[in-house]
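The values are calculated or read from the model by the stated rules, or taken from the named source; none is laboratory data. Here the structure is a predicted model, which means the values were calculated and not measured. Counting neighbours? That spans all protein chains shown, and the Cβs are built from the backbone with ideal geometry, glycine included.
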Amino acid sequence: MLDLDGLQVAYLGVALAHYLDLETGDILDIPLDAPPPGDASRFRRIPTRTPESEAEDRRLFIEKIDFSLFRDHLANAMEDAMEFRRVLSEDRRIERAFFNFKNDRATQAIEEWLREEGLEPSA
């Protein structure tokens, strides 16, 4: 059984390399500079988000929210991730909506990767 929540966390994390063990479904977290684990036919490197995908999430989220002065503030901060998060933190409802949106996009990316690997997301 695949741990979709664990795969999502691995996708969103960038401090470690994450590998899916195809035999057990476990997720291995290893240092970025360490060699990949054992048998390449057994382990698959879990993709991680890129700065470009992070920026795309911000852009798509802004497009989806209602027109408002707050939306304009977010749009002005879109290019700077730290400033975007600072502005986002001013409205807890919108902040929660952004993180839900971001998690949903991560889940979609992981499910697409699993299909590309010949695995069923619901397996």
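The condition of being free of Cβ contacts under 8 Å to residues at least 60 places away in the same chain, buried (at least 16 other Cβ atoms within 10 Å of the Cβ) and not assigned by TED's automatic domain parsing to the domain that holds Leu12 holds for only one of Phe43, Phe99, Phe84, that being Phe84. Residue count for segment 55-70 satisfying the condition of being closer than 16 Å to Arg96 by Cβ and either among the basic types (Lys, Arg) or surrounded by 15 or more Cβ atoms within 10 Å (Cβ to Cβ) (or both): 7. Applying a threshold of 6 Å to beta carbon distances and a minimum spacing of six or more residues, or different chains, the list of pairs starting in segment 22-35 at a residue that is loosely packed, with under 10 Cβ neighbours inside 10 Å and ending at one that is not in a loop (DSSP other than H, G, I, E, B) reads Leu32/Ala17.
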